[in-house]
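Report on one structure; see the data block that follows.
The values are calculated or read from the model by the stated rules, or taken from the named source; none is laboratory data. Quick caveat: nothing in here was measured; it's all calculated off a predicted structure. FYI the Cβ positions are ideal-geometry reconstructions off the backbone, even for glycines, and counts take in every protein chain you see. Ligands, DNA and RNA are stripped out before the accessible areas are found, and what is left, the full protein with its side chains, is counted by its heavy atoms. Shrake-Rupley method; radii C 1.70, N 1.55, O 1.52, S 1.80 Å.
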Amino acid sequence: MVITEIFKSIQGEETRAGLPCIFVRLTGCNLRCTWCDTAYAFHGGTKQSVDEVAARVRALSGNGASRITLVEITGGEPLLQPETPALAEKLLAEGYTVMIETSGERFVGVLPREVIKIVDVKCPDSGEADMFDMANLEALGPQDEIKFVIATRRDYDFARDFTAQHELTKRVREVLFSPSFPDPAGAWPGLDARELAEWILADGLPVRLGLQLHKFIWDPAMKGV
Ligand code: SF4
């Protein structure tokens, strides 16, 4: 596998936000979202075997009552690497709760059913609209989550309509609407979370507003958190 970083932090997003978590960030992505905050994972990385990655996760997660049992496989796009399902299988066998964050462009059905899948649907102003693999809708279940990163009112309208059209709230545990976070270097403006909250309330949508907790705890430009 090609790995950008493995680190311990606080889960920043989704329904497990706030929990201690080990992150395995895989290198490489075939998309180029306009607001991507992990472009440093597009290239480079180090080659490691599944066993080496699992050993590093074990070393970071500790032992006994204080052992961290939540692991997230992320990227880049983790489903570009053929060994990702095997890594997930190994971590599950070691007793971890395993999550994966994926762009939605790859089929998540290659993963063990027990893996909690957090699947993006890219909105128009991501620059990667229409990349979602519709087969993923049937591969998701009640433990999984679908996420829209929303940069504009146009993105919000798309997310609202897609959620209704495909009855997403009946398919998965949560539908997440997350405002794109402003780039610390000013490359993109982001969307005001309050504005998004007010749109959700005005339409009475049964979705969860998602904020990236780690960007409020640490410097938003910081890697490895
Ligand atoms: S899919 Fe994720 S890693 Fe890839 S460009 Fe988009 S935000 Fe960045």
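Quick look at the numbers
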read-out: Kirkwood Rh, angstrom, segment 21-90 [1 / mean 1/r, Cα pairs]; value: 13.1
read-out: Aspartates and glutamates whose Cα lies under 16 Å from that of Lys170, excluding same-chain neighbours fewer than 8 positions away; value: Glu138, Asp144, Glu145, Asp161
read-out: Efficiency of FRET from Cβ geometry, Phe7 and Ser49, R₀ 25 Å, rounded to 0.05; value: 0.85
read-out: Rounded tilt (10° steps) of 50-61 against the dominant C-alpha axis of the chain; value: 80
read-out: Shape call, segment 1-121: gyration tensor on alpha carbons, a/c limit 1.5; value: rounded
read-out: Prolate/oblate/rounded label for the chain (Cα gyration tensor, a/c 1.5); value: prolate
read-out: 0 to 90° range, to nearest 10: angle between helix 84-93 axis and the chain longest Cα axis; value: 70
read-out: Using a Förster distance of 35 Å, the FRET efficiency for Glu138-Glu94 (Cβ separation, nearest 0.05); value: 0.75
read-out: Long-range HN-HN contacts of Leu209 with modeled amide H, under 5 Å; value: Phe177
read-out: Note, ³J(HN,Hα) from phi for segment 124-141, Karplus 6.51, -1.76, 1.60, rounded to Hz, x at Gly and Pro; value: x, 7, 6, x, 10, 4, 6, 8, 5, 7, 4, 4, 5, 4, 7, 8, 8, x
read-out: Accessible area in square angstrom per residue, segment 1-151, 1.4 angstrom probe; value: 39
read-out: Carbon/sulfur fraction of accessible area - the chain, other protein chains in place, 1.4 Å, %; value: 52
read-out: Cα gyration tensor shape of segment 1-46, rounded if a/c is under 1.5, else prolate or oblate by comparing a/b with b/c; value: oblate
read-out: Debye, to nearest 20: dipole size of the chain, +1 on Lys, Arg Cβ, -1 on Asp, Glu Cβ; value: 600
read-out: Antiparallel bridges, percent of DSSP beta bridges restricted to the chain (to nearest 5); value: 30
read-out: Exposed-loop-free span, longest in the chain, where trypsin sites (Lys or Arg not before Pro) count as exposed if DSSP calls them loop and at most 12 other C-beta atoms lie within 10 Å; value: 114-225
read-out: Sparse-neighbourhood loop sites, GluC sites (Glu not before Pro) in segment 129-225 - DSSP loop, at most 14 other Cβ within 10 angstrom; value: Glu167
read-out: Rounded Å value of the spacing that divides the Cα centres of segment 111-171 and segment 1-62; value: 21
read-out: Dipole of segment 1-136, positive direction: furthest Cα of Val108, Ser66, Leu79, with charges on the beta-carbon; value: Ser66
